[in-house]
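Any read-out appearing in this document is the output of simple, stated calculations on the displayed coordinates, not a laboratory observation. Just so we're clear, the structure is a prediction, and the values are computed from it rather than from any experiment. Ideal geometry is used to build each Cβ from the backbone, glycine not excepted, and the neighbour counts take in all protein chains shown.
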Amino acid sequence: MLRIQEEKLAGLYSIYPTVFRDDRGYFFESYKTDNYAEICKGLSFVQDNVSKSSKGILRGLHFQAEPFAQGKLVQVLQGAVLDVAVDIRQTSPTYGQHFKQVLSAENAIQLYIPPGFAHGFYTLEDDTIFSYKCTAAYHKAAEGCLLWNDPTLQIDWELAAQPFLSPKDELGELFGNFASPFQ
């Protein structure tokens, strides 16, 4: 059994799998094609990625432009993150708005982020393992990055301290200068 909830940003879904717990641990189906057919609208996943991060790492806000735009099904296998998705579809009524949610191994919540969104996360625990299925393969020439702390986006990352960033993420583009490749 799976509960799927569309969020305020059209096309973005929180997914709540049924988790069976007992003294031995837990079990749940993390992906089954039939269960995701409606929200993925005929898309297929072609690449799986896993990252491991220490507490306080911020990754994002990343996206890939057409023709390599990615839909992502994300979840945390160990630890916890504050996950953020920003609508960068120019004609969307929620253009420039964001959605955020804590994803953890404990709550088992997944998030489906369609193409046309920038995505990032901030790790809340050490040794956090983050998993995402992608609808398109990675292409370096198609990647983009919005500045994670752009004041226009007004994202409250709920930071405990200054996050650790990659050089790419430190140089993300300001939303005010951004020409979105998505309609």
_Formal net charge of residues neighbouring VAL84 (Cβ-Cβ distance under 15 Å; K, R +1; D, E -1)_ = -3
*asked:* Give me a comma-separated list of calculated 3J(HN,Hα) values for the stretch 107-124, in order, Karplus coefficients 6.51, -1.76, 1.60 applied at θ = phi - 60°, integers in Hz, x for any Gly or Pro.
replied: 8, 6, 5, 10, 10, 9, 10, x, x, x, 10, 8, 9, x, 8, 10, 7, 9
_Nearest-0.05 FRET efficiency for ASP23 and GLN154, computed from C-beta distance (R0 45 Å)_ = 0.50
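Take the Cβ-Cβ distance between LYS168 and GLN97 as r, set R0 to 22 Å, and report the resulting FRET efficiency rounded to the nearest 0.05. Intermediate values should be presented prior to the final figure.
On the way: r = 24 Å, r/R0 = 1.08.
So, using R0 = 22 Å, E works out to roughly 0.40.
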*C-alpha center-to-center spacing [the stretch 11-65, the stretch 152-183] in angstrom*: 22 Å
*asked:* Let me check I've understood the local charge: for GLY116, count other residues with C-beta under 11 angstrom from its C-beta, Lys and Arg +1, Asp and Glu -1. What total comes out?
replied: -1
*Which residues' amide hydrogens lie under 5 Å from the amide hydrogen of TRP148, considering only partners 5 or more residues apart or on another chain, with H built in the peptide plane?*
LEU61, GLY172
*asked:* Pick from LEU43, LEU61, LEU12 the residue whose mean-square fluctuation is largest in a GNM of the chain, springs joining Cα atoms under 10 Å.
replied: LEU43
_Amide H partners (placed H, <5 Å) of PHE182, local residues excluded_ = GLN90
_Show me, for the stretch 162-167, the HN-Hα J-couplings you get by feeding each phi into the Karplus relation (A = 6.51, B = -1.76, C = 1.60, θ = phi - 60°), rounded to Hz, glycine and proline as x._
4, x, 8, 10, 7, x
*Between MET1 and ALA37, what is the spin-label point distance in nm, taking each point 7 Å from the Cα along the Cα→C-beta axis?*
2.2 nm
*Report the label-to-label distance for SER30 and ALA10 in nanometres (one decimal), using points 7 Å from each Cα along the Cα→Cβ vector.*
3.2 nm
*Points 7 angstrom from Cα along the Cβ direction at ALA161 and GLN183: gap in nanometres?*
4.8 nm
